[in-house]
Amino acid sequence: MPRSLHARGCVPLVGACLAVLVAACVPADEALPLGAAQFTITGRGSPRTFPDDRVVDGWSIHVDRFVLSFRTMTIVNLKDSNQCAYRGRGAKTNVVFEGTLGTVVQAFNGLKPGDCPDVGMRLGPPDDESVPGEGATAADLVALANGTPSHALLEATAVRKAQPPFTTEDETMHVSLRFDSVRTASSFGGCRDAIRGARIRPGARYGVFVAVAAEAFFRDAISSNAQLRFDPFADADRRGNDDGIVTMDELDDLPLFAAGGPFYMLPNGSRSGSFGDYVRAQFMFAVNYGEGGLCNGIVPGTEEP
Ligand SMILES: [Ca+2]
């Protein structure tokens, strides 16, 4: 319909036109058109096999499993408590899932249109309400809950091709890391990409992927552009029980200054502590948000309730 005709038709009937528009996009029992936000949480923040041009020390690294113990997303506007006042939390779903295969979806419906700039995510050890989700088993819940409670398990395989005459056989190693929640960031805040948090529009759903990137643990600096290396992991096992399986205990026994490379240091610039401390610190920088964005890991023990 030509714009002029449409406009003429509506002028005497403004009330009727508005009524039709509103009826089309608002639930019958709501006075205002509300919006929604939906977060899809995964462990696919990086390729399962890291690109060869990123891994600079000759290893091929493949993520076999990345089990995450999810607690909740939070979506609020800290400056305006009415803005995102949909209870502030997603469905109560404590789910342990295998993030390379599965997802957890958290939907917030009935949100007032406007900005919800303060979006965060919490992982945490399984509790009485946690259930196994996609790709996870009851054994995963037990593995996370036993000992020092943990919120993530990583299993990976690294292969270094034979390099005759120096080595004549491929070398294969396995990684089995457990991230305990006392020493590893489990709360993430300030999620943003081009937009800070979520922007709720009337009658629309704001969808975002939140993806934990296992790649972060292999970075050789605290930077999302860092190169990836496996040699310190292989070293840690050789110094440990040399059984071809790299564990967090073995990373904790490797001093950070012995990890090699010029850029291995903790976020505060220190090279004291262990390589395990460094790998755990990378969890703070592992959560991707939306299109090229990040959520910031909160230092363990400093989270607000
Ligand atoms: Ca070992």
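Just want the ordering: SER60, SER46, from fewest to most Cβ atoms lying within 10 Å of their own Cβ. If you can, show how the numbers build up before the last one.
Details: SER60 17, SER46 24.
With the fewest neighbours first, SER60, SER46 line up as SER60, SER46.
Which whole-Hz couplings ³J(HN,Hα) result when phi for each residue of the range 54-61 is put into the Karplus expression 6.51 cos²θ - 1.76 cosθ + 1.60, θ = phi - 60°, listed in order with x for Gly and Pro?
Whole-Hz 3J(HN,Hα) from phi for the range 54-61: 8, 8, 9, 10, x, 8, 10, 10.
Taking the simple approach of a point 7 Å from Cα along Cα-to-Cβ for both GLU291 and SER176, what is their distance in nm?
Result: 4.2 nm between the two label points.
Test of understanding: what is the full-extension gain from ASP57 to ARG205, defined as 0.36 nm times their sequence separation minus their Cα-Cα distance?
Working: separation 148, 0.36 × 148 = 53.28 nm, distance 4.38 nm.
Result for the pair: 48.9 nm of gain on full extension.
Provide the per-residue ³J(HN,Hα) series for the range 34-49, in order, calculated from phi with Karplus coefficients 6.51, -1.76, 1.60 and θ = phi - 60°, each as a whole number of Hz, with x at glycine and proline positions.
Running phi through 6.51 cos²θ - 1.76 cosθ + 1.60 with θ = phi - 60° gives 9, x, 8, 10, 9, 10, 10, 9, 9, x, 9, x, 8, x, 5, 10 Hz.
If you plug each phi of the range 142-156 into the Karplus form 6.51 cos²θ - 1.76 cosθ + 1.60 with θ = phi - 60°, what whole-Hz ³J(HN,Hα) values come out, in order, with x for Gly and Pro?
Using θ = phi - 60°, the values come out as 5, 4, 6, 7, 6, x, 6, x, 10, 10, 7, 10, 10, 10, 9 Hz.
With springs connecting C-alpha atoms under 10 Å apart, model the chain as a Gaussian network and identify which of THR137, THR42, THR100 has the largest mean-square fluctuation.
THR137
Of the chymotrypsin sites (Phe, Trp or Tyr not before Pro) in the range 239-288, which ones lie in a loop per DSSP and count no more than 15 other C-beta atoms within 10 Å?
Passing both the DSSP loop test and the Cβ count: PHE263.
Can you figure out the FRET efficiency of VAL299 with ASP128, using R₀ = 30 Å and their beta-carbon distance, to the nearest 0.05?
Working: r = 27 Å, r/R0 = 0.90.
E(calc), rounded to 0.05, equals 0.65.
Within the chain, which is the longest segment that contains none of the GluC sites (Glu not before Pro) sitting in a DSSP loop with at most 16 other Cβ atoms within 10 Å? Intermediate values should be presented prior to the final figure.
Values: sites that count: GLU30, GLU129, GLU134, GLU169, GLU291, GLU303.
It works out to 170-290.
By counting other Cβ atoms within 10 Å of each Cβ, how are THR167, THR49 ranked from fewest to most?
Working: THR167 11, THR49 14.
Result, fewest neighbours first: THR167, THR49.
List the residues whose amide H sits under 5 Å from the amide H of VAL246, counting only those 5 or more places along or on another chain, with H placed 1.01 Å from N in the peptide plane.
When sequence neighbours closer than 5 places are left aside, the close amide H contacts are HIS174, VAL175, SER176.
Using only the alpha-carbon atoms of the range 32-297, report the extent along each of the three principal axes, biggest first, to the nearest angstrom.
Principal-axis extents of the Cα atoms in the range 32-297, largest first: 73, 36, 32 Å.
How would LYS161, LYS112 line up from fewest to most surrounding beta-carbon atoms within 10 angstrom?
Details: LYS161 11, LYS112 18.
If I rank by nearby Cβ atoms, fewest first, I get LYS161, LYS112.
What's the extension gain from LEU101 to LYS161 if we count 0.36 nm per residue and subtract their Cα-Cα distance? Write out the running numbers ahead of the final one.
Details: separation 60, 0.36 × 60 = 21.60 nm, distance 2.73 nm.
Once the chain is fully extended between LEU101 and LYS161, it gains 18.9 nm.
How many angstrom lie between the C-alpha centres of the range 229-305 and the range 95-158?
Between the Cα centres of the range 229-305 and the range 95-158 lies a distance of 21 Å.
Choose one answer from ASP231, ASP249, ASP80: the residue with the largest mean-square fluctuation in a GNM of the chain with alpha-carbon springs under 10 Å.
Of ASP231, ASP249, ASP80, the most mobile in the Gaussian network model is ASP80.
I want to verify a result. In a Gaussian network model of the chain, Cα cutoff 10 Å, which of these has the top mean-square fluctuation: THR168, THR40, THR93?
The residue with the greatest mean-square fluctuation here is THR168.
So how strong a dipole does the range 32-297 carry about its Cα centre when Lys and Arg Cβ are +1 and Asp and Glu Cβ are -1, to the nearest 20 debye? Working shown, then result.
Working: 26 positive and 32 negative charges, 315 e Å.
In debye, rounded to 20, the range 32-297 gives about 1520.
Pulled fully out, how much extra length does the chain show between THR93 and ARG271, if you take 0.36 nm times their separation in residues and subtract their Cα-Cα distance?
Values: separation 178, 0.36 × 178 = 64.08 nm, distance 3.87 nm.
Going from the current span to full extension adds 60.2 nm.
Given a Förster radius of 41 Å and the C-beta distance between ASP193 and ASP243 as r, what FRET efficiency does 1/(1 + (r/R0)^6) yield to the nearest 0.05?
After rounding to 0.05, the efficiency reads 0.45.
None of the figures in this text is laboratory data; all of them are computed from the coordinates on show. Model, not experiment: these values are computed from the prediction. Here Cβ is always computed from backbone atoms with ideal geometry, including for glycine, and neighbour counts include all displayed protein chains.
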